[in-house]
Amino acid sequence: MTRRTRGGSADSKRWAVIFTCMSTRAVHFELIESMTTDSFINALRRFFAIRGPAKLLRSDRGTNFVGACKELGIDTEDSPVSTYLQGRGCSWIFNPPHSSHMGGAWERLIGVARRILDAMLLQTAHTRLTHEVLSTLMAEVMAIMNARPLVPVSSDPDAPTVLTPAMLLTQKMSTVSAPSGNFQMAELHGKQWKHVQCLANTFWKRWRRDYLSTLQGRRKWTAERPSVQVGDVVLLKDSQAHRNEWPVGLIVNTLPSGDKRIRKVEVKIVRDGTVKVLLRPVSEIVVLLSGES
């Protein structure tokens with residue numbers, strides 16, 4: 001990160017704390033200036049001030065996490081105190097040392113987001129970010145991750161609506177749309193807000209690709225498995241989709257090949273109020289909800 005000084009500019013590091021809700025699967029980012037207990041406690045207080053207090057926290061054994069737990073008087077080793085805090089305030093559970101794989105859902109989100117951000121921000125052209133640009137970028141990243149689809153919920157079977165973490169947080173159906181315009185790498189040294197939007201678009205393209213690949217795992221075909229069928233609610237892999245938009249459709253017809261395998265389907269979508277039926281290969285769709293469910 002770059003900060004302006006009287007004689008020019010100076011570089012300094014920033015870190016991000018990622019909070020994720022195990023119920024809604026929503027994420028929240030807080031920037032910190034150092035990996036110290038004080039910085040983390042401030043980030044935790046900001047998180048509680050914005051999202052509300054939490055009853056239970058889980059994390060790995062980061063030194064700043066353990067230090068914050070001691071500083072705040074949360075004793076995870078004393079069972080009666082832990083029970084008391086859980087009933088009246090907040091308790092904290094640490095994973096065993098060297099067991100990041102036990103993080104489950106939050107480690108999965110951290111892994112995908114971190115790989116993308118590292119690839120973006122470690123490039124020379126992207127490293128000189130001001131605190132304002134970096135904090136805005138992290139807010140855009142948070143919005144992108146919270147707009148990801150979870151499960152379809154709709155009273156209209158012909159136009160399924162997808163539940164997202166953002167809906168649970170804001171109680172609003174619409175997501176934050178990207179500003180109109182074509183933001184290119186040439187904008188990086190121009191206006192700051194364009195700089196942010198260019199980086200956010202880059203994150204969106206990579207996040208969408210990597211996240212969809214986690215939903216569409218392909219393993220060695222050693223046994224017969226149910227294929228897609230009419231009535232399945234699916235996500236379409238549309239490379240032209242705008243930021244925070246996830247095209248959702250309903251399979252209305254399957255087209256078996258000569259070997260009776262289904263490799264092509266017809267998907268009905270609603271776009272701009274118009275119903276369309278698209279022909280797509282099964283490799284370009286991700287099943288969200290089976291028609292038999």
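The values are calculated or read from the model by the stated rules, or taken from the named source; none is laboratory data. The model shown is predicted, which means the values in this text are computed figures rather than measured ones. Quick reminder, even Gly has a Cβ in these numbers, built from the backbone with ideal geometry, and neighbours come from all protein chains shown.
Scanning region 156-177 for residues that are among the small types (G, A, S) and either in contact with a strand residue (DSSP E or B) (Cβ under 7 Å, 6 or more places away or on another chain) or modelled with pLDDT of 80 or more (or both) returns A159, A166. For region 125-138, state whether one or more residues are assigned to a helix (DSSP H, G or I), at pLDDT below 90 and among the basic types (K, R). No, that holds for no residue.
Being over 19 Å from A143 (Cα atoms) and either modelled with pLDDT of 90 or more or among the aromatic types (F, W, Y) (or both) holds for only one residue in K191, K264, K237, K260, and it is K264.
Please verify whether region 267-290 includes one or more residues that are farther than 19 Å from P152 by Cβ, modelled with pLDDT of 85 or more and either surrounded by 17 or more Cβ atoms within 10 Å (Cβ to Cβ) or aromatic (F, W, Y) (or both). No, region 267-290 has no match at all. When the strands (runs of 3 or more DSSP E) confined to region 219-287 are screened for residues that are over 28 Å from A147 (Cβ atoms) and of a type in the set (S, T, Y), those reaching at least 1 such residues are found at 248-256. With the requirement that a residue be surrounded by 14 or more Cβ atoms within 10 Å (Cβ to Cβ) and farther than 18 Å from L117 by Cα, what does region 20-34 give you? Listed by number, the residues that qualify are C21, T24, R25, A26. Scanning region 238-260 for residues that are surrounded by 10 or more Cβ atoms within 10 Å (Cβ to Cβ) and of a type in the set (D, E, K, R) yields D238, R243, E245. With a requirement of 1 or more residues that are modelled with pLDDT under 80, among the polar types (S, T, N, Q) and within 27 Å of R148 (Cβ to Cβ), the strands (runs of 3 or more DSSP E) lying completely within region 1-106 that satisfy it span 56-59.
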